[in-house]
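To start, the structure itself, in structure tokens.
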Amino acid sequence: MKNENENVLDKISRFSFVSAIIGVCIIGICPAFGVMGIVAPLVMKNKGAELSDETKSRNKKAMIAGVISLVMFVVDLVLIVYANSKLGWF
């Protein structure tokens, strides 16, 4: 059951987590999803926001998933460059 009086920071945390998971699911093709998974929790941490334990846990998971998504983006770029130079696919 959803809480209608949910804190704005909880909503941003949930959005960040979902964005990071989408970034992982699409194998890092769009780095914006990974960046959103990293930036929102960093801003909350730097501003010193008081967060619930659930939100802190979700932010940590979002940052991990965001980093994984960005690493997969780099791997995608390396594979494209390799396929272009060695295999002549593009």
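The figures follow:
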quantity	calculated
For the chain: span of alpha carbons on each principal axis (Å, largest first)	55, 29, 15
Carbon plus sulfur fraction of accessible area for the chain, probe 1.4 Å, in percent	68 percent
Highest average packing first - 45-55, 25-35, Cβ atoms within 10 Å	25-35, 45-55
Listed residues LEU77, ILE27, LEU87: farthest to the positive end of the dipole of the chain (Cβ charges)	LEU87
Estimated [θ] at 222 nm from DSSP helical runs (n ≥ 4, -39500 (n - 2.57)) normalised by residues in the chain, nearest 500	-25000 deg cm²/dmol
Those lysines that a straight Cα-Cα span of less than 22 Å connects to LYS11, excepting residues fewer than 8 apart in one chain	LYS2, LYS45, LYS47, LYS56, LYS60, LYS61
Probe 1.4 Å, accessible area per residue of the chain, Å²	72 Å²
Cβ-placed point charges (K, R +1; D, E -1), dipole of the chain about Cα centre in debye, nearest 20	160 debye
C-alpha long axis of helix 8-25 to longest principal axis of the chain, angle in °	20 degrees
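The values are calculated or read from the model by the stated rules, or taken from the named source; none is laboratory data. Remember, predicted model here, so these are calculated numbers, not experimental data. Note that each Cβ is placed from the backbone with ideal geometry, even for glycine, and that neighbours are counted across all protein chains shown. The accessibility values were calculated without ligands, DNA or RNA, using every heavy atom of the protein model including side chains. Shrake-Rupley method; radii C 1.70, N 1.55, O 1.52, S 1.80 Å.
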